[in-house]
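A.B. asks: The structure follows.
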Amino acid sequence: MTTLMWMQTGACSGESMALLCADRPNLENLLRQYAIDLLWHPSLTVGDGFGAVLARVLSGDIPLDILCIEGSLMTGPNGTGQFDTFKGRAKIDIVRELAPRARHVVAMGTCAAFGGVHASGPNPTDCTGLQFRRDQPGGLLGADWRAASGQPVINVAGCPAHPNTMTKVLALLASGETLPLDALNRPAPFFASLVHQGCTRNEYHEYDIEEESFGGRGCMFFSLGCRGPQTVAPCNSDLWNGHSSKTRAGVPCFGCTSPDFPPERDLFVTPRIGAVPKFLPPGVARAKYMAYKNLARAAAPERVVKREMEP
Ligand code: SF4
């Protein structure tokens, strides 16, 4: 049996909601097939309250295999953590005490991983992630902190985290697997492709057929804020609820698996230098990119210009 404790800190419950949408494996199968004993989840468990479970884990009465943290860590005011407490005790202090007991610590969502929404400016509650503060290593536990497994906090980034990525990561950990991590401690197999690479609007991007307003079938990169070409995430390779994603529904990718999410600018507007997006796909030279785009637009087939292809 693998024990799992799920603790919420500064969160909107987005990961808890998303977890209910997982279908490969779904939550029920995850717990049954991988023999996971869910000790505590604020919305899904009944019986002993958080305090009782916490006391048993901290006393060593129950070994803890996986600790999931959902939400950013509120360190304010003045480092006391008193903006977010359990029975008067700062949750950051509970996390500091609980984390060394766990074989694996998993940050569920961008808030727990990097600080996320709450750590975006002006950040009045002084929020941070578990081992990163935005893109800077450190966070609540410090960059060098390691769980009993020898791994740092595993950052299942996303706002919310992808349902199937959460359940697959937990299934792999419960199976005794060691997950390779990328430079931001995200489980590499799930963060290995760009949102752009699986987007159904790719042909429009290819021929520089861009939308200036919402509701069209074209690409959203040049004007409508899409960060798909810069964002690693499984959203367009493992579709949400088995059939959709933001870009398929006509919404730009916001880059929510990135440590700078949310950026302090309008999510629906592309910042530009002249006519060209300020942030280009990784490794692309600006001058060559524009030359390619101009040629591509000139070569665009009529059916693409007229948006006759269903995205
Ligand atoms: S809408 Fe976004 S993800 Fe889709 S092709 Fe355009 S830039 Fe790429």
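Each reported figure results from applying straightforward, stated rules to the coordinates on display, with no laboratory input. What you see is a predicted model, and the numbers here were worked out from it, not measured in a lab. Counting neighbours? That spans all protein chains shown, and the Cβs are built from the backbone with ideal geometry, glycine included.
A.B. asks: Just the Kirkwood number for the chain, please: inverse of mean 1/r across all distinct Cα pairs, in Å, one decimal. Write out the running numbers ahead of the final one.
C.D. replies: Numbers: mean 1/r = 0.0486 Å⁻¹.
For the chain, the Kirkwood estimate is 20.6 Å.
A.B. asks: Follow-up question, since we're still on this one. Rounded to the nearest 0.05, what FRET efficiency do residue 188 and residue 268 give with R0 = 30 Å and r taken as the Cβ-Cβ distance? Could you check?
C.D. replies: Values: r = 30 Å, r/R0 = 1.01.
After rounding, the FRET efficiency stands at 0.50.
A.B. asks: So how much slack lies between residue 292 and residue 278, counting 0.36 nm per residue of separation and subtracting their Cα-Cα distance, in nm?
C.D. replies: Numbers: separation 14, 0.36 × 14 = 5.04 nm, distance 1.64 nm.
That works out to 3.4 nm of additional length.
A.B. asks: In what order do 224, 181, 64, 58 fall by count of nearby beta-carbon atoms within 10 Å, going from fewest to most?
C.D. replies: 58, 181, 224, 64
A.B. asks: Enter the Cα centre distance for the pair the stretch 219-270 and the stretch 1-37, rounded to the nearest angstrom.
C.D. replies: 24
A.B. asks: Rg/Rh for the stretch 54-203 to two decimals, with Rh computed the Kirkwood way over all alpha-carbon pairs. Let's see the in-between values first.
C.D. replies: Working: Rg = 15.9 Å, Rh = 16.0 Å.
Across the stretch 54-203, the Cα-based Rg/Rh ratio is 1.00.
A.B. asks: Taking loop as defined by DSSP and a crowding limit of 16 other beta carbons within 10 Å, which trypsin sites (Lys or Arg not before Pro) in the stretch 268-311 fit?
C.D. replies: Details: sites: 272, 278, 286, 288, 293, 297, 303, 306, 307; in loops: 278, 306, 307.
For trypsin sites (Lys or Arg not before Pro) across the stretch 268-311 that sit outside H, G, I, E and B with at most 16 neighbouring Cβ atoms in 10 Å, the list reads 278, 306, 307.
A.B. asks: If you don't mind, another one. In the neighborhood of residue 142, defined by Cβ-to-Cβ distances under 12 Å, what is the net charge if each Lys or Arg adds +1 and each Asp or Glu adds -1?
C.D. replies: Counting the neighbours of residue 142, the net charge comes to +2.
A.B. asks: Mind listing the long-range amide H neighbours of residue 102? Cut-off is under 5 Å, sequence gap 5 or more, other chains count too, H placed in the peptide plane at 1.01 Å from N.
C.D. replies: So residue 102 has HN proximity to 148.
A.B. asks: Decide, for the stretch 193-311, between rounded, prolate and oblate: order the square roots of the alpha carbon gyration tensor eigenvalues as a ≥ b ≥ c, take rounded if a/c falls under 1.5, and otherwise choose prolate if a/b is larger than b/c, else oblate.
C.D. replies: Details: a/c = 1.62, a/b = 1.12, b/c = 1.44.
Here the stretch 193-311 falls in the oblate category.
A.B. asks: Mind sorting 70, 28, 206 by how few other Cβ atoms lie within 10 Å of their own Cβ, fewest first? Write down the numbers at each step before the final one.
C.D. replies: Numbers: 70 29, 28 9, 206 15.
Neighbour counts put them in this order, fewest first: 28, 206, 70.
A.B. asks: Taking the Cα centre of the chain as origin, work out the dipole magnitude from +1 charges on Lys and Arg Cβ and -1 charges on Asp and Glu Cβ, in debye rounded to 20.
C.D. replies: Details: 29 positive and 29 negative charges, 104 e Å.
Dipole of the chain, to the nearest 20 debye: 500 debye.
A.B. asks: Sticking with this structure for a sec: Among 125, 178, 247, what is the fewest-to-most ranking by other Cβ atoms within 10 Å? Provide the component values of the computation, followed by the final result.
C.D. replies: Details: 125 19, 178 11, 247 23.
Going from sparsest to densest Cβ surroundings: 178, 125, 247.
A.B. asks: While we're here: Quick one: which residues, 5 or more positions from residue 86 or on another chain, have an amide H under 5 Å from its amide H? H modelled 1.01 Å from N in the peptide plane, none for Pro or chain starts.
C.D. replies: Sorted by chain and number, the residues that satisfy this are 91.
A.B. asks: Right, next: Take the alpha carbon gyration tensor of the stretch 1-134, find the square roots of its eigenvalues, order them as a ≥ b ≥ c, and report rounded if a/c is under 1.5; if not, report prolate when a/b exceeds b/c, else oblate.
C.D. replies: Details: a/c = 2.04, a/b = 1.37, b/c = 1.50.
Cα axes put the stretch 1-134 in the oblate bin.
A.B. asks: Right, next: Let me check against my output: what whole-number percent is the relative contact order of the chain, with C-alpha pairs under 8 Å and at least 6 apart? Numbers along the way, then the final one.
C.D. replies: Values: 637 pairs, mean separation 48.2, N = 311.
It comes to 15 percent, rounded to a whole number.
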